[in-house]
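Trainee: I have a structure here, written as structure tokens, and I will follow up with some questions on it.
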Amino acid sequence: MCGIVGFTGAQSAAPILLEGLKKLEYRGYDSAGIAVMDERKIAVHKVTGRIANLCEKTQDGLGVTGMTGIGHTRWATHGAPTEENAHPHLSNDGKFAVVHNGIIENYLSLREELIHDGYHFESETDTEVIVHLIEMFYRGNVREALIRTTNRLRGSYALGVICSEEPGKIYAVREASPLILGIGIGENYFASDVTALVNHTRNVIYLEDGEFAELSSESIKIFDCSGQAVDRRPTRILWDVQAAEKGGYEHFMLKEIMEQPGAVKATIAPRIRNGRVAFEELGLSAEELQGIRKIIITACGSAYYAGCSGKYAIEKLCRIPVEVELASEIRYSDPIIDEHTLLIVISQSGETADTIAALKECKARGAKTLAIVNVVGSSVAKLADYTIYTWAGPEIAVATTKGYTTQVAVLYMLAVYIAERLGKIEGKEKQLIRALQDLPRRIQQAFDLNSSIPALAKKYHASKSIFFIGRNTDYAVALEGALKLKEISYLHAEAYAAGELKHGTIALIEEHQPVVALCCNPSIMEKTLSNIVEVKSRGAEVLALTFRNNQKILSVADDFLFIPDVDSLFSAIVEIVPLQLLAYYVARENGCDIDKPKNLAKSVTVE
Ligand code: G6P
């Protein structure tokens with residue numbers, strides 16, 4: 001995610017800001033910038049690409065005078081990674097500079113309003129509305145302007161703000177996005193995480209949601225949204241820098257697994273407006289949607305399995321046939337495609353070679369192309385006719401987790417979006433929108449229900465091989481669950497459609513063979529139950545993934561993973577969470593290099 005730093009003190013700010021930004025590099029970014037205040041003037045320096053470019057541009061900060069400033073590393077969400085879109089953003093009168101981490105959900109309506117009121121925009125970012133709002137509300141009191149501004153914002157934000165009329169002061173604001181204040185001697189700081197602070201101080205204050213802070217070299221004042229002072233005790237940081245980068249988690253993968261409620265919310269919430277799914281980025285007219293005869297989803301790896309889950313929701317709601325094809329296969333298969341085909345390409349990185357080739361091939365044959373991508377401005381995003389970003393934030397662990405779930409979230413939203421525009425879900429819209437909005441909470445509940453996973457991992461980690469079975473939507477999740485396990489724990493894991501067991505795989509079931517059985521789809525529960533009984537009677541050890549109160553399954557399986565109650569149409573996104581955790585803890589038991597599994601790459605840019 002984006003990173004924020006702020007400094008005020010009695011030494012040159014720019015070198016300290018640059019050093020702080022370097023410490024935040026691990027979070028992922030594609031552009032960077034600083035704003036430094038000297039006397040009553042704010043100077044902004046921005047670059048695309050690496051912090052090294054910013055160091056070069058500012059002579060390692062020595063070419064910038066001023067002892068108060070803010071800095072930012074940007075991971076593009078709204079608008080490509082360009083200098084214009086990089087932070088800090090300036091107000092039209094040049095008095096304010098702002099850096100922002102998070103997403104402003106209502107930025108489009110605010111932008112329209114501000115343009116109408118005569119404000120001029122330099123970037124495509126959601127952030128820029130903030131700085132213009134501050135200018136609009138400023139009447140000589142920055143605190144008041146910040147409170148009035150945040151009253152207008154919906155979404156998540158950590159903000160760093162400087163004002164040329166208040167030399168020596170930096171302001172910080174937090175709402176659903178991390179921000180930590182660092183207490184120095186004769187100088188103070190803020191940053192998105194403690195890695196950027198620990199070289200200077202280990203005494204910090206964790207700002208809480210809805211709180212504001214005013215920092216000068218000598219003081220830190222915290223206040224709430226009514227301007228009332230808040231008293232907060234400092235905390236002493238005991239972590240080493242490496243642990244701090246991972247937010248205290250042992251591995252990036254675990255951190256990213258735990259980030260999923262937030263990532264899925266960031267993907268869904270801004271796109272639900274007035275009780276409908278709104279995809280501004282999808283320019284297909286109602287007539288063009290009516291003309292779609294077939295949807296092809298293509299991708300590689302987990303993105304392909306996300307497509308497998310999405311297929312069920314799209315077919316069920318839209319009644320349009322969906323084919324899910326491996327990108328490495330479709331590119332050489334002489335696919336049957338015409339202008340009535342909608343091709344959906346899914347890629348976290350947007351740089352997977354086979355996925356790019358498949359997209360080019362299908363586009364050349366006349367398909368309308370839509371990309372679901374996490375990395376803004378990536379090759380897939382540029383090549384497709386339309387792009388919907390997943391806004392998962394950067395993923396550092398090689399095995400994808402939040403990348404996958406946010407892809408599934410977009411596919412669910414797309415299913416509702418297309419079905420609604422085709423008039424296929426009349427009377428059901430509200431219920432479906434509620435179910436979508438509820439998903440982040442359900443994912444969180446899946447964490448809470450599965451505290452036994454580390455113990456289960458101890459039981460199963462030495463197995464030679466684990467089978468995953470499920471039907472329908474459960475089968476799609478089984479495929480991703482098995483992939484996660486083999487990727488990071490190097491255990492042999494295979495997923496089978498449960499109904500196929502009798503056609504071969506059952507020959508491999510013997511005493512103590514672990515079978516993970518996914519039973520989360522009530523419409524075919526009885527069928528999967530029969531398959532569980534079949535493998536049990538041949539000696540298998542069954543680890544069932546199901547609802548907590550599912551008595552039938554509870555009475556036959558040996559061990560359990562649980563999901564909360566969730567609409568079966570959208571359950572895949574919740575079901576995968578315990579399976580990710582299982583893979584993680586099994587790999588941990590086996591002492592594997594979880595974030596960088598052997599032989600695998602995060603982005604496969606060769607065929
Ligand atoms: C690699 C990664 C997987 C990913 C796949 C597709 O195999 O290790 O985690 O699912 O590539 O990558 P993409 O960036 O296109 O989603």
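The values are calculated or read from the model by the stated rules, or taken from the named source; none is laboratory data. For clarity, every value in this text was computed on a predicted model and none was experimentally measured. Cβ sites come from the backbone with ideal geometry, for glycine too, and all protein chains shown count toward neighbours. With ligands, DNA and RNA removed, areas are computed over all heavy atoms of the protein, side chains included. Shrake-Rupley method; radii C 1.70, N 1.55, O 1.52, S 1.80 Å.
Trainee: Can you tell me which residue among Asp354, Asp338 is modelled with pLDDT under 95 and more than 9 Å from the ligand (Cβ to nearest atom)? Don't jump to the end; show me each part of the working.
Mentor: Numbers: Asp354 fails: more than 9 Å from the ligand (Cβ to nearest atom).
So the residue among Asp354, Asp338 that is modelled with pLDDT under 95 and more than 9 Å from the ligand (Cβ to nearest atom) is Asp338.
Trainee: Within the range 203-220, is there a residue that is under 27 Å from the mean Cα position of the chain (by Cα), in a strand (DSSP E or B) and of a type in the set (Ser, Thr, Tyr)?
Mentor: Yes, some residue in the range 203-220 is under 27 Å from the mean Cα position of the chain (by Cα), in a strand (DSSP E or B) and of a type in the set (Ser, Thr, Tyr).
Residues checked against (1) under 23 Å from Glu256 (Cβ atoms); (2) within 16 Å of the ligand (Cβ to nearest atom):
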| position | (1), (2) |
| --- | --- |
| Lys402 | yes, yes |
| Val408 | yes, yes |
| Tyr412 | yes, no |
| Tyr417 | no, no |
| Glu426 | no, no |
| Ala446 | yes, no |
| Asn450 | yes, no |
| His461 | yes, no |
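Trainee: Tell me the strands (runs of 3 or more DSSP E) entirely within the range 1-67 that contain at least 2 residues that are open to solvent by less than 10 Å² (accessible area, probe 1.4 Å), outside the structural domain of Ala97 (by TED's automatic domain parsing) and without any contact (Cβ under 8 Å) to a residue 60 or more places away in the chain.
Mentor: Here the list is empty.
Trainee: What about Ser328, is it small (Gly, Ala, Ser), within 12 Å of the ligand (Cβ to nearest atom) and over 24 Å from Ile573 (Cβ atoms)?
Mentor: yes
Trainee: Among the numbered criteria (1) within 16 Å of the ligand (Cβ to nearest atom); (2) of a type in the set (Asp, Glu); (3) open to solvent by less than 60 Å² (accessible area, probe 1.4 Å), which one does Glu281 miss?
Mentor: (1)
Trainee: Then there is this: Determine if the range 566-579 includes at least one residue that is in contact with an Asp or Glu (Cβ under 7 Å, 6 or more places away or on another chain), within 15 Å of the ligand (Cβ to nearest atom) and open to solvent by 10 Å² or more (accessible area, probe 1.4 Å).
Mentor: no
Trainee: Spot the failing condition for Ile337; the list is (1) crowded, with 23+ Cβ neighbours inside 10 Å; (2) touching a residue at least 40 places away in the same chain (Cβ under 8 Å); (3) of a type in the set (A, V, I, L, M), and only one is missed.
Mentor: With (1) crowded, with 23+ Cβ neighbours inside 10 Å; (2) touching a residue at least 40 places away in the same chain (Cβ under 8 Å); (3) of a type in the set (A, V, I, L, M) applied to Ile337, the lone miss is (1).
Trainee: Mind listing whichever residues of the range 419-443 are touching a Leu at 6+ places or on another chain (Cβ under 9 Å) and surrounded by fewer than 24 Cβ atoms within 10 Å (Cβ to Cβ)? Don't jump to the end; show me each part of the working.
Mentor: Narrowing the range 419-443 to residues touching a Leu at 6+ places or on another chain (Cβ under 9 Å): 419-422, 424-425, 428, 432, 435.
Hits for the range 419-443 are Glu420, Arg421, Leu422, Lys424, Ile425, Lys428, Leu432, Ala435.
Trainee: Name the single residue that is nearest to the ligand (Cβ to nearest atom) among those in the range 374-393 being open to solvent by less than 10 Å² (accessible area, probe 1.4 Å) and under 11 Å from the mean Cα position of the chain (by Cα).
Mentor: Selected residue: Asn374.
Trainee: Among the residues of the range 302-331 satisfying the criterion of being part of a helix (DSSP H, G or I) and of a type in the set (Asp, Glu), which is most open to solvent (accessible area, probe 1.4 Å)? Reasoning before the result, please.
Mentor: Looking only at the range 302-331, we keep the residues that are part of a helix (DSSP H, G or I), and these are 302-318, 327-330.
Restricting the remaining residues to those that are of a type in the set (Asp, Glu) gives 315, 329.
Working: Glu315: 51, Glu329: 110 Å².
Filtering first and then ranking leaves Glu329.
Trainee: Given the conditions (1) outside the structural domain of Thr473 (by TED's automatic domain parsing); (2) touching a Leu at 6+ places or on another chain (Cβ under 7 Å); (3) among the polar types (S, T, N, Q), and given that Asn531 satisfies all but one, which numbered condition is not satisfied?
Mentor: (1)
Trainee: Suppose we filter Gly591, Gly539 for residues that are assigned to a loop (DSSP other than H, G, I, E, B), surrounded by fewer than 17 Cβ atoms within 10 Å (Cβ to Cβ) and free of Cβ contacts under 8 Å to residues at least 12 places away in the same chain; which single one remains?
Mentor: Values: Gly539 fails: free of Cβ contacts under 8 Å to residues at least 12 places away in the same chain.
Residue meeting the stated conditions: Gly591.
Trainee: Oh, and also: Would you check if Ala299 is small (Gly, Ala, Ser), more than 18 Å from the chain's Cα centre (by Cα) and surrounded by fewer than 24 Cβ atoms within 10 Å (Cβ to Cβ)?
Mentor: Numbers: small (Gly, Ala, Ser): yes; more than 18 Å from the chain's Cα centre (by Cα): yes; surrounded by fewer than 24 Cβ atoms within 10 Å (Cβ to Cβ): no.
Taking the combined requirement at face value, the residue does not satisfy it.
Trainee: Return the pairs, sorted by first residue and then second, in which the second residue is more than 12 Å from the ligand (Cβ to nearest atom) and of a type in the set (Lys, Arg), the first residue lies in the range 379-395 and is under 14 Å from Gly283 (Cα atoms) and assigned by TED's automatic domain parsing to the domain that holds Ile344, the beta carbons are less than 7 Å apart, and the residues are 6+ apart or on different chains.
Mentor: Hits for this filter: Asp385/Lys368.
Trainee: Just to be sure, is Gly539 of a type in the set (Gly, Ala, Ser), within 31 Å of the chain's Cα centre (by Cα) and away from the ligand (no atom under 16 Å from the Cβ)?
Mentor: When the stated conditions are applied, Gly539 does not pass them.
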